[in-house]
Amino acid sequence: MVDIIKEKLENNGYSFVAKIDWDRMPLYTAYSLLQEGYALSDLFGVKVVTDSTIHCYSILGILHNSFKPIEGQFEDNIAIEKSIFSRYLQTKVIINGMEVKVTIQTEADWASSEKGVFHLLRDDLSQEEIRNLSSALLRNSINAVKSISNNPIEFYDLASFELFQREIAVFTPKMDIFLLPEGSTVLDFAFIVNPSSAKRMSFAKVNGKYKPMNTVLKDMDVIEVITANKETLGFQLAKLCLYF
């Protein structure tokens with residue numbers, strides 16, 4: 001698979017690709033995922049590392065032009081950044097009758113995903129760079145937690161809990177992106193966006209369809225919150241349910 005992809009890229013003038021490697025999961029992890037019903041193609045893939053973001057998209061175009069892409073299997077985690085440690089393009093294509101997952105990254109993004117936060121830490125970082133780095137790492141977690149509590153100890157506990165959750169990316173109708181812990185509901189989203197408006201939420205639309213407040217959101221959902229002039233009965237009931 002690596003040789004076939006490398007040949008296609010070289011034939012299109014992409015000899016500057018820094019690295020093409022075969023990426024696979026540990027044996028026991030792969031076995032466990034197969035038992036859970038994951039497809040074989042989810043357990044391995046080809047990783048392409050190049051020198052710039054624009055070349056990531058160019059390589060993606062060559063792959064989709066050379067091999068048949070599988071519908072619904074494309075992810076753009078560069079334009080829609082979920083984390084500074086997971087910036088990549090990912091697609092699945094058919095090569096010689098086999099589904100193959102291909103991940104495309106820049107060298108800098110590959111280093112960040114491999115080495116984590118330690119790749120970003122340097123002795124010569126300025127205070128401004130540290131603040132920007134902290135903001136990028138914590139994203140909207142700080143604002144979300146501050147809307148719940150101003151107590152420093154509670155803030156620490158809540159922020160720590162949120163940072164270790166798996167995240168999903170959801171959108172407003174204007175395509176503003178918000179990151180929420182996996183399992184978050186429409187009500188959680190409303191409080192992240194605007195706590196005062198959330199108390200007046202009468203109903204919401206998820207991907208254009210009316211949904212109740214306790215609807216669990218999925219990655220890439222688009223949510224529209226509809227508010228009333230005063231605190232709604234639905235919100236009061238939601239508070240009662242959360243209390244018990």
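Brief remarks follow.
- Here T91, T53 are screened, and the one residue that is of a type outside the set (D, E) and open to solvent by 40 Å² or more (accessible area, probe 1.4 Å) is T53.
- Entry remark, the range 195-208: residues being within 24 Å of K82 (Cβ to Cβ) and either among the basic types (K, R) or buried (at least 21 other Cβ atoms within 10 Å of the Cβ) (or both) number 3 in total.
Table: residues versus (1) under 19 Å from I5 (Cα atoms); (2) at pLDDT below 90.
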site: D76; (1), (2): no, no
site: I80; (1), (2): no, yes
site: S83; (1), (2): no, yes
site: R87; (1), (2): no, yes
site: K101; (1), (2): yes, no
site: A111; (1), (2): no, yes
site: K115; (1), (2): no, yes
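- Within the range 1-26, restricting attention to residues that are assigned to a loop (DSSP other than H, G, I, E, B) and aliphatic (A, V, I, L, M), the residue that is least open to solvent (accessible area, probe 1.4 Å) is V17.
- Applying the criterion of being at pLDDT 80 or above and polar (S, T, N, Q) to the residues of the range 8-39, the residue that is farthest from the chain's Cα centre (by Cα) is N11.
- Subset tally (residues that are loosely packed, with under 12 Cβ neighbours inside 10 Å and either at pLDDT 55 or above or of a type in the set (S, T, Y) (or both)) for the range 227-236: 2
- Residue in the range 39-46 that is open to solvent by 20 Å² or more (accessible area, probe 1.4 Å) and touching a residue at least 60 places away in the same chain (Cβ under 8 Å) present: yes
- Some residue of the range 58-67 being touching a residue at least 24 places away in the same chain (Cβ under 8 Å) and in contact with a Gly (Cβ under 6 Å, 6 or more places away or on another chain): no
- Flag for E107 being out of contact with any strand residue (DSSP E or B) (no Cβ under 9 Å at 6 or more places or on another chain), open to solvent by 90 Å² or more (accessible area, probe 1.4 Å) and at pLDDT 70 or above: no
- Number of positions in the range 170-194 that are farther than 13 Å from E224 by Cα, exposed (fewer than 14 other Cβ atoms within 10 Å of the Cβ) and in contact (Cβ under 8 Å) with a residue 24 or more places away in the chain: 1
The values are calculated or read from the model by the stated rules, or taken from the named source; none is laboratory data. None of these values were measured; they are calculated from a predicted model. Reconstructed Cβ throughout: ideal geometry from the backbone, glycine too, with neighbour counts over all protein chains shown. The area values use the complete protein model at the heavy-atom level, side chains included, leaving out ligands, DNA and RNA. Shrake-Rupley method; radii C 1.70, N 1.55, O 1.52, S 1.80 Å.
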